[in-house]
Amino acid sequence: MKPTLPALNRRDARLWQRAQRALPTRQWAWWLLPAFTFALLAGTAAWLTFEDREKEEEIQRRIVADALSLEAQLRAHVQANERELGRLAAEMRTPDAFTLVVQRAFVQPDPLVRNWLAVYLIDQSNLVVAEYPSSEPRSAELARGGISAHVEAAGPNGANGNPHRLVARFPLRHVLEQSVPWWVSTRYSVRFVDDFDQLLASTDQLGDIANNARHKISFDPPVTGVQLELIARDAFRPWWSRLPFFLLSIAPLSLIGSTWLLARQTRNLRSAERSWRTEVNWRRSMEDSITIGMRVLSMDGTLIYANPRFAQMTGFTEKELIGCTSPMPYWATDSIDETHARLQRILDGDSPKNGYEVRWQRKDGSPLYVMVLEAPLIDAAGTQLGWMGSAVDISERKLQEASERAREERMIAHARLVTIGEIASTLAHELNQPLSAIVSYNAGLQNQLSSHLQVNDSVRDALVRQGAEAKRAGEIVSRIRSFLSRASPQLEACDFNTIALSAYELVQKSLRNAGARVELQPWPSPIYVQADRVLLEQVVVNLIRNADESIVASSISSGLTPLIRINVQHDGRDGIIAVEDAGSGFGTLQLAQITAPFFSTKPDGMGLGLAICRSILEAHRGTFQATSTVPVAVGGLGGARFEIRIPSSQVALPA
Ligand code: ADP
C-alpha cells in the first residue's frame, strides 16, 4: 500500500508524486530473463532431442542394413554347407558308400566340412542308417554349450529303392566365427537367439546392453526357429546424460539463481528507497510547515541548507542563500565583524547552550531580530557534518520593547518638561514684578529728568532704551509664561520680513563668534501671517543662536568663513524663514531626534531650544523642517538649514 501524506502544498504534492513515480513498478520485467532462459533451455533440449532421434534412427537404419547384409553372408555360408553336402550325396551312389565318402570329405583341406559335427544318413522312416563320426565328439561339442544347425540333401536310394537323406550338423558358433566380417564385429555383437530370446551363439558377450541399439531378423530358413541379432557395441547415450550438457545447463541455472537473488535484493532496496522517500517527504513537509527558520552551516561555515521559512524570514531565496559564506547576505551591515566573530565561535563549538539573540538584516534592509539555537549535525557514521541552526523571528517583540522604551523615555521627558514649564512659569511670574517695577521706575525717572533736570542727550537716550528693553523683557516673560501655561498664542497679523529683521537685530550683538557674518535676505514685499510675533521672533532667535554655535564648533576645526544666512521667502502659499549656516550640520540625525526635548549634542546644552521651536510652530499650524549639510553647489552653505513655514493665506493683505 502506498503511504499517504496529509494535505500538502502544490510544490510538495508535485515532489511527492515524482517520488512515487520514480519507484519502478514493472514487476513483470524481472520474469523476462528467467522466461528467456527457460525458453532457451527448452529450445536447446528440443533441438538436442530431435538430433538424438535423428541419430538413433540413423543408427537403426545402419544396423538394419548391416543385419541384412550379414544375414545374406551367413545364409551364403549355410548354402555353401548345403552345396557341399549335395556334392557328397552325389558322390554317394549307394548308402554303403556313406562312410567312405564322408570320411574322405572330413580329411579334405577345405575347412567347411571339417567344422561339421556329424553327417547322418536317414532312411524314409527317419531312422539314422549311418552316421560319421561317432557320437563322442558331438557330445563334447554340445558339452561346450554350442547349439548346432543342420543342412539336408537328398541321399542315394536304398536296395529296395526307398530314398535316403543326408543331414550334416554344424555348430552355429562356427557360422558366426567364419562368416562375420571384422568390421561388423567391431561395431556389433552378433548373436543367434531362439524365438524366446534365448542365446544360442554369439561372437562375444556384452555386459549391460539394455540401452544399446539392436536389430533382429529371422534366420529361419535356413535354420529353423533361429533369429540373427545385431547389438551395437556402443550404448546410445541421450543428450541429457552427457557431461557438456550438464555443464551447460548449470550456466542458465546459476543465471536464474542470481537473477532471483538480484530481484530479491532490488525488492529490498526498493522498499528501503520507498521508506527513505517517504521519510524525506515527511521531513520536507514538516520543515516547510514549521514557523522556525532552519539553516545548516558546514564545518567551514558555508550555508548548505535553508528551509523556506528561513528564506522567507530573511527575504532571500533558498538559491541565493545556499553556498554563501561569511559575511552572509542577511548579516547587519553595521555589525559584520561582531557577527563574524560569533560565527567563528559557533564553528569552534562554543555556541551558547540556550541560544543567542542576534540582529540580522532583511534583503530590503529592514532589521530582523532572531533567537538562534545551534545544534551539531551528525551523520549516520557519527561524524559531525556541520551545525543546524533554528532561528525564531523575535522582531515583533524587539520592536515592541523598543517602542515601550521610547514611550517611557518620552514620558520621563514629558514629566521633566512639565516640571520645567512649571519652574519657568513660576520664574516668569516672579520676574514679571521686578520687570514691571523697572519699567515704572524708568518711566518715572524719565519724567523727572525731562521736567526738572538738564541731562545729557545720551543719558536720556540710554534711559529710553533701557525702558524699551525692560518692557520687551517683560513682554517676552509674559508671552512665554502664557505659552507654557498652555494659553493659546496671541495671534495678530505680522510680517515675516519684520520678524526676521527684529530677531536679526536682537542677536547680532550677542553672537559668540565675533567674526561671524549674518546675511539677511528679506522678501521684496511683506509676507503677512497670523502669528504671535514675540514667539516667532524667539523661534528665529533660537535658530540663529544654534547656527552661531554650530559655526563656532566647526570653524575651530575647519577654518571655514563663518556665515549665517537668514532668508525670507514666499512660495505662493506659505511664508518661509530659513536659517542656514556654514557649520558641520547634524549628520545622520533625524528631525524627530533633534527636536525631541532634552536632546543635545552639546556639553552644556539643555536640548530644549528646538523642542520649544517645534511646539510654537505646531501652535501656529505651521511646519518645521531641517536639512543637514546642504551642499554649496546647490546654493547651500554646507551646514544645516532650518526652515519654518506658516500659511500666509490666512490674512488679508493690508491695503
Ligand atoms: P541645545 O542647543 O541645547 O543642544 P537644541 O534643541 O537647540 O538644544 O538643539 C538640539 C540639537 O540639535 C543640538 O544639540 C545640535 O546637535 C542640533 N542642532 C541644532 N541646531 C543646529 C545647527 N544649526 N547645526 C548643527 N546642529 C544643530
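The values are calculated or read from the model by the stated rules, or taken from the named source; none is laboratory data. For clarity, every value in this text was computed on a predicted model and none was experimentally measured. Here the Cβ is made from the backbone with ideal geometry for all residues, glycine too, and neighbour counts use every protein chain on show.
Looking across the range 349-397, just one residue is aromatic (Phe, Trp, Tyr) and under 26 Å from the mean Cα position of the chain (by Cα), and that is 387. Among the residues making up the range 299-314, those that are touching a residue at least 24 places away in the same chain (Cβ under 8 Å) and in a helix (DSSP H, G or I) are 310, 313, 314.
Would it be correct to say that residue 237 is surrounded by fewer than 17 Cβ atoms within 10 Å (Cβ to Cβ), at pLDDT below 80 and closer than 28 Å to residue 54 by Cα?
Against the criterion (surrounded by fewer than 17 Cβ atoms within 10 Å (Cβ to Cβ), at pLDDT below 80 and closer than 28 Å to residue 54 by Cα), residue 237 qualifies.
Within the range 70-92, the set of residues being in contact (Cβ under 8 Å) with a residue 24 or more places away in the chain, farther than 20 Å from residue 133 by Cβ and either in contact with a strand residue (DSSP E or B) (Cβ under 6 Å, 6 or more places away or on another chain) or not charged (D, E, K, R) (or both) comprises 70, 71, 73, 74, 76, 77, 78, 79, 80, 82, 86. Scanning the range 202-234 for residues that are loosely packed, with under 14 Cβ neighbours inside 10 Å, out of contact with any strand residue (DSSP E or B) (no Cβ under 6 Å at 6 or more places or on another chain) and over 13 Å from residue 72 (Cα atoms) turns up 205, 207, 208, 210, 224, 234. Just for the range 580-601: of the residues that are at pLDDT 90 or above and over 60 Å from the mean Cα position of the chain (by Cα), which one is farthest from the ligand (Cβ to nearest atom)? The extreme case among them is 580.
Taking the criterion of being aromatic (Phe, Trp, Tyr), surrounded by fewer than 17 Cβ atoms within 10 Å (Cβ to Cβ) and modelled with pLDDT under 80, would at least one residue in the range 253-260 satisfy it? No, the range 253-260 contains no residue that is aromatic (Phe, Trp, Tyr), surrounded by fewer than 17 Cβ atoms within 10 Å (Cβ to Cβ) and modelled with pLDDT under 80.
Looking across the range 602-637 at every residue that is within 11 Å of the ligand (Cβ to nearest atom) and of a type in the set (Gly, Ala, Ser), the one that is surrounded by the fewest Cβ atoms within 10 Å (Cβ to Cβ) is identified as 605.
Scanning the range 450-468 turns up at least one residue that is under 16 Å from residue 534 (Cα atoms) and without any contact (Cβ under 8 Å) to a residue 40 or more places away in the chain. Those strands (runs of 3 or more DSSP E) of the range 315-400 in which 1 or more residues are modelled with pLDDT under 90 and in contact with a strand residue (DSSP E or B) (Cβ under 6 Å, 6 or more places away or on another chain) occupy 367-378, 384-393. Among the residues of the range 536-547, are any within 11 Å of the ligand (Cβ to nearest atom), touching a Phe, Trp or Tyr at 6+ places or on another chain (Cβ under 7 Å), without any contact (Cβ under 8 Å) to a residue 24 or more places away in the chain and under 17 Å from residue 624 (Cβ atoms)? No, there is no match, as no residue in the range 536-547 is within 11 Å of the ligand (Cβ to nearest atom), touching a Phe, Trp or Tyr at 6+ places or on another chain (Cβ under 7 Å), without any contact (Cβ under 8 Å) to a residue 24 or more places away in the chain and under 17 Å from residue 624 (Cβ atoms).
Pairs linking a residue in the range 223-247 that is among the basic types (Lys, Arg) to a residue that is modelled with pLDDT of 75 or more, with Cβ atoms under 7 Å and 6 or more positions apart or on different chains, are 233/187; 233/188; 233/189.
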